[in-house]
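Note sheet for the following structure.
The values are calculated or read from the model by the stated rules, or taken from the named source; none is laboratory data. Being a predicted model, the structure only gives us computed values, none of them experimental. Cβ: placed from backbone, ideal geometry, glycine included. Neighbour counts: every protein chain shown. Please note that ligands, DNA and RNA were not included when accessible areas were found on the heavy atoms of the full protein model with its side chains. Shrake-Rupley method; radii C 1.70, N 1.55, O 1.52, S 1.80 Å.
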Amino acid sequence: MSKVPNGYEVIQLFEQFAPKSLAMEGDPIGLQMGTLNKPIHTVFIALDVLEEVVDEAIANRADLMIAHHPPLYRPLKQILTDQAQGRIIEKCLKHNITVYAAHTNLDIAQGGVNDWLAETLGLKEVEVLAPTYEEKLKKLVVYVPKTHASAVREALGHAGAGHIGNYSYCTFNSEGIGTFLPEDGANPFIGAKGELEQVEEVRIETIVPASLQKKVIAAMLKAHPYEEVAYDVYSLDNQGHTWGLGRVGKLLQETTLGEFAEHVKKSLDVPAVRVVGQLDDPVKKVAVVGGDGNKYIRQAKMSGADVYVTGDVYYHVAHDAMALGLNIVDPGHNVEKVMKQGVARFLEQEFAKKKWNTAVYASKVHTDPFTFV
C-alpha cells in the first residue's frame, strides 16, 4: 500500500545520500524556507531558485523544492516584495513551497554532482580530487545463537555494515559456546531463570562506517533474539571512504585538447567553452570540479591531469594554470544542472522502493545568465 511521506521523511532519505556533515564550513545548506511538517505530494528539483523557477514550481504544485544553490546564501537585512528576492520568498511562502538547499554536500557526496559530471564526460577509474573528509571505521562484534546467525548477518549488511572496497555484506564468523545465567527479572529467549545455560553461538565480526554505527546497531538489535545482546565496538586505524570535492579520471582514448573541448560542449550541453592551452596538446587524464573551481588548480596539476574542467575561471588563475603547464576547459558554472536529473533519478528510485506516492519534477527553466553571441 502506497503512502504520502511528510517533509521530514523525504529529507531524512535525501540526507542519507548527501549528508549535511559533508558540506564545507559556512555553507548555508538545509531548510531555508517553510516547514517540513506537512505531506509531500510533489518534490521539485532546481539548480537556481530564480523567480521563473518558483513560478514553474507553483505551476507544478510543488510542496518541496530541493535546490543546489541556496537562495538565502547571505543573511538578509530586508525582505522587499517589490524586488526579485523578496518576490521569490513571498511566492514560496504564499504557495506553501518549502525550500531546502543541498550545495557542497551534494558536490562532495558519492554519486553526487562531481560524479555525475565525471560520468557525463565518460571518465573511468575515477577518484576524489581534493579530499575533505575521511570516514572513520569501527569493528562490530556480536554473539548470536546459530539459529539466528543468518538473520543477524542479513540485517547488518542491509543497514550498511560489511563494505570493503567493491564488496558488501562482508563478515567473519567463528563458532563457540556462550554461557549465561538468567537472574530475577530476566525474560530469557533460551534457558530458565536461575539455571546456568550453554548455547552454541556464532561470533560475527564486521566493518561499520562510524556515521552508520547507530543505524547498524539498531538493525542488529532488532534482528537478534536475545533480551540482552552481547556485542563490542572497536575503533580502527583502517582507512575508510575518502570524501572530497572534484573528481579525476581517465578517458577511454587519448585525444587532443581541441577535440576534448568539443566533447565537453556536446556532453555538458553548452554553446561554448573557454580553453587555456594549445589545442593540439594530448589529453588522457581529466580533473573536474563543478561550479567555481579556481581554488583547485594545483590539486588538478598534482593529480597528473592533462586538463582541468571547471567554471568561472579568473583571468589571473588562467595565467597561473599556464605557468603550471595545466590546460583548462571552462564550460561555465551552469553545467551543475546535471544535478536536476541526478537528484530526480535518485528520489524516484528510492520513493519506488518505499512505495511512496510522491511525484518528482526536475525544473526545465534555463538559468544560465550568460548568452554567447
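Restricting attention to segment 340-366, the residues that are of a type in the set (G, A, S), open to solvent by less than 30 Å² (accessible area, probe 1.4 Å) and closer than 19 Å to A59 by Cα total 3.
If you go through segment 13-66 and keep only what is part of a loop (DSSP other than H, G, I, E, B) and among the hydroxyl-bearing types (S, T, Y), you end up with just T35. Restricting attention to segment 114-136, the residues that are open to solvent by 10 Å² or more (accessible area, probe 1.4 Å), part of a helix (DSSP H, G or I) and within 27 Å of Q239 (Cβ to Cβ) add up to 3. Pairs linking a residue in segment 1-26 that is among the aromatic types (F, W, Y) to a residue that is open to solvent by 60 Å² or more (accessible area, probe 1.4 Å), with Cβ atoms under 8 Å and 6 or more positions apart or on different chains, are Y8/N37. Would you call E205 of a type in the set (D, E), touching a strand residue (DSSP E or B) at 6+ places or on another chain (Cβ under 9 Å), open to solvent by less than 50 Å² (accessible area, probe 1.4 Å) and in contact (Cβ under 8 Å) with a residue 12 or more places away in the chain? Yes: the conditions hold for E205.
Among the residues of segment 100-113, is any without any contact (Cβ under 8 Å) to a residue 40 or more places away in the chain, loosely packed, with under 15 Cβ neighbours inside 10 Å and on the phi > 0 side of the Ramachandran plot? No, every residue in segment 100-113 fails to be without any contact (Cβ under 8 Å) to a residue 40 or more places away in the chain, loosely packed, with under 15 Cβ neighbours inside 10 Å and on the phi > 0 side of the Ramachandran plot. The lone criterion from (1) out of contact with any helix residue (DSSP H, G or I) (no Cβ under 7 Å at 6 or more places or on another chain); (2) open to solvent by less than 50 Å² (accessible area, probe 1.4 Å); (3) within 30 Å of Q299 (Cβ to Cβ); (4) modelled with pLDDT under 95 left unmet by G165 is number (2).
Restricting attention to segment 147-164, does a residue exist that is in contact (Cβ under 8 Å) with a residue 24 or more places away in the chain, more than 26 Å from P225 (Cβ to Cβ) and outside any helix (DSSP H, G or I)? Scanning segment 147-164, I find at least one residue that is in contact (Cβ under 8 Å) with a residue 24 or more places away in the chain, more than 26 Å from P225 (Cβ to Cβ) and outside any helix (DSSP H, G or I), so the answer is yes.
Quick check: is even one residue across segment 265-286 touching a residue at least 60 places away in the same chain (Cβ under 8 Å), surrounded by fewer than 18 Cβ atoms within 10 Å (Cβ to Cβ) and part of a strand (DSSP E or B)? Scanning segment 265-286, I find no residue that is touching a residue at least 60 places away in the same chain (Cβ under 8 Å), surrounded by fewer than 18 Cβ atoms within 10 Å (Cβ to Cβ) and part of a strand (DSSP E or B), so the answer is no. Can you say whether G290 is open to solvent by less than 20 Å² (accessible area, probe 1.4 Å), under 27 Å from I11 (Cα atoms) and assigned to a strand (DSSP E or B), as far as the supplied structure shows? The answer is yes for G290. Residue-level check: of (1) buried (at least 17 other Cβ atoms within 10 Å of the Cβ); (2) in contact with a Leu (Cβ under 6 Å, 6 or more places away or on another chain); (3) over 20 Å from N334 (Cα atoms), Y8 misses just (1).
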